[in-house]
Each structure stands twice: as C-alpha cells, then as structure tokens.
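Reading through the structure tokens given below for one structure.
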Amino acid sequence: MRLVATGQGEAAFVEGKLNLSGELRADRGFLDLEQDRLPRLGEDVVVAGQPRATSRQRARLPVALDIGLNLGERLDVRGYGLEGRLTGRMEFHTTREGELRAYGRVQTVNATFLAYGQRLQVDPGIAIFDGELQNPSLQMTAWRRNQAVEAGVQVSGTARAPLVQVVSQPPVPEGERLSWLVLGRPPSDATKADLGMLQAAAGALLARGTETPIDRRIARALGLDEVTLRGSGEVASQVVALGKRLSDRLYISFEQGIGAAASALVKLDFTLTQRVSLRAETGTSSGLGLFYRFSWD
C-alpha cells in the first residue's frame with residue numbers, strides 16, 4: 001500500500017498511551033489487495049499429537065486513534081479481479097481496549113471486475129463500515145454491459161456473510177441471465193445440461209475473481225471469446241461452437257456438427273438497440289432475420 005496524504009493532526013501522551021487525532025486527505029495512493037492468503041484451520045480444529053491452540057485475541061493497538069480520512073480522487077485499488085479508484089470518507093477510532101474501529105462509506109469510481117475473461121463494469125460498488133474493519137456492509141453489482149440483456153452479479157449483505165445473485169436488465173429467467181453473463185448471448189441453443197453447467201459456473205464466479213475456467217482459457221489462447229460443446233448427451237447431435245465478439249454490438253460465431261451428417265453454420269449478430277438485433281447466417285442454408293426482444297416478469 002502506498003499513500004500520500006496531507007492534513008493536520010495532534011499527537012500527545014495521555015496516561016502512558018500515544019493519542020493521535022486529526023483530519024487527513026489522500027492526495028494519491030495505490031492499494032494492492034492481497035491476492036493469495038494461505039488457508040488456516042478453524043479455532044475448533046484439534047490436531048492429534050499437538051497442543052490445543054488457544055483462542056486468538058483481537059489485535060490491539062498501543063495507541064488511541066481519532067483520525068478522519070477523506071479518500072480524495074486519486075486512490076487506486078487493484079486485487080481479486082477488481083481495478084478502479086476509491087472515493088469516500090472514513091473515520092478510525094480505537095476502543096478503550098485498543099481495538100480498531102472504522103466508520104464511513106467507500107465507493108468505487110470507473111471500476112471493473114474480471115470474471116470469465118470479461119471486464120465487468122462495477123455499478124454500484126459501495127462498502128459501508130460501521131465497526132469492524134474486516135466486515136463492512138456491501139452494495140455491489142458487476143455488469144456485462146452493451147448487449148440486448150445486460151447481466152450482472154450482485155453482492156449484498158456483509159463481507160463475512162455475502163448474498164450473491166445474478167441480475168439482469170431487463171428482467172429475464174435465471175438460466176437466460178446466466179447465459180448473457182457468461183457467454184454474452186441468449187441460450188437459444190442451450191440444453192438443460194448446458195444451463196446446469198452455467199449455474200455451477202455462476203456459483204463459482206466470486207470464488208476467485210482472477211481465475212478463469214479452462215474453456216475460457218482455451219478460448220482466450222485462440223483469440224476467441226467462446227469455445228463450447230452444445231447439444232444433448234448423444235455425440236451425433238452435439239455441435240462445437242466458436243465465437244468472437246468483434247465489438248460491443250457485433251458478435252460472430254461458427255458452429256460445426258460432430259455427427260455423420262455434420263453441417264457447418266456461420267452466424268453474424270449485430271445489436272441495433274437494446275431490444276432489436278439483426279442476424280445473418282450462412283451454411284447449409286442462408287438467411288437474414290430481424291429480432292425484437294420483449295421481456296416481462
């Protein structure tokens with residue numbers, strides 16, 4: 001962590017303890033969040049042959065704090081797939097026992113979150129502190145924008161007990177939300193098994209924001225956005241699909257059947273508005289279609 005701050009403050013020794021108070025403003029800084037933390041055994045775990053670990057006490061600071069910090073406009077943050085800037089105001093205090101307490105509201109600005117090889121736009125990204133520094137309340141949504149159905153991952157609750165759900169604008173069924181979030185297209189050709197895999201993928205979305213599933217890593221290695229196998233359990237009915245998003249509005253895909261009567265198909269999808277899209281396809285047969293999407297609860 002690097003932080004350059006200006007402001008005014010006072011320091012004094014009171015009853016053998018260093019008292020620090022003041023008001024600071026962050027002129028610029030960089031916060032690099034810890035990427036990998038080694039797992040630790042719970043306090044209720046006992047290892048045979050080793051003495052039982054004593055309960056860890058909360059960290060206590062040998063100072064008394066009363067510090068206000070304005071985060072300013074130039075505090076960058078990076079880690080766990082998140083990149084952007086932080087703004088807001090925080091206040092730090094210590095209790096009589098020396099335990100650190102934090103109060104205030106922090107929000108992201110122009111932040112993105114990396115998931116499945118995509119840069120999702122964070123809006124909103126708010127953390128509210130009301131006591132423990134490690135357990136703020138969260139109001140965050142990371143969106144995949146500029147497509148007919150904008151899908152995102154919404155996180156609420158607290159850092160220790162988060163509630164994660166997939167949302168969309170306009171509202172669509174859950175399976176379709178997952179498809180728009182992970183694949184950037186509707187699940188028109190997806191089977192129940194495909195949607196089941198999407199469900200499992202969404203469940204692991206926030207487990208490690210910087211880690212990309214194997215199919216996405218293969219796609220990125222080939223310079224593509226999608227490499228999938230669609231269809232039912234029978235090999236003859238399965239299709240290999242390759243896709244590439246050329247822009248926010250233009251998506252091109254190639255589908256090749258695996259069975260004996262395999263056929264190839266090239267699709268070009270162009271988004272005209274949030275509800276209207278144009279599709280051109282060629283292969284065994286060619287066609288041109290105009291699609292209008294209307295969704296309701």
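Selection of first residues in region 233-247 that are over 24 Å from THR271 (Cβ atoms) and open to solvent by less than 40 Å² (accessible area, probe 1.4 Å) and of second residues that are of a type in the set (Val, Ile, Thr) and modelled with pLDDT under 80, restricted to Cβ pairs under 9 Å at least 6 apart or on distinct chains, gives the following pairs, ordered by first then second residue: GLN238/ILE258. Looking across GLN154, GLN134, one residue alone is open to solvent by 20 Å² or more (accessible area, probe 1.4 Å) and under 30 Å from ASP66 (Cβ atoms). It is GLN134.
LEU65 falls short on exactly one of the conditions (1) closer than 27 Å to MET140 by Cβ; (2) modelled with pLDDT of 80 or more; (3) aliphatic (A, V, I, L, M), and that condition is (1).
In this entry, LEU86 is excluded by the filter for residues that are within 30 Å of VAL182 (Cα to Cα), of a type in the set (A, V, I, L, M, F, W, C) and open to solvent by 30 Å² or more (accessible area, probe 1.4 Å). What are the residues in region 157-173 that are open to solvent by 50 Å² or more (accessible area, probe 1.4 Å) and of a type in the set (Ser, Thr, Tyr), if any? Matches in region 157-173: none.
Within region 212-229, identify whether any single residue is of a type in the set (A, V, I, L, M), at pLDDT 75 or above and under 23 Å from GLN169 (Cα atoms), and answer yes or no. So far as region 212-229 goes, no, none of its residues is of a type in the set (A, V, I, L, M), at pLDDT 75 or above and under 23 Å from GLN169 (Cα atoms).
The values are calculated or read from the model by the stated rules, or taken from the named source; none is laboratory data. On a predicted model such as this, the values are computed, not experimentally measured, just so you know. Note that each Cβ is placed from the backbone with ideal geometry, even for glycine, and that neighbours are counted across all protein chains shown. Protein only, heavy atoms only, side chains kept; ligands, DNA and RNA dropped before computing areas. Shrake-Rupley method; radii C 1.70, N 1.55, O 1.52, S 1.80 Å.
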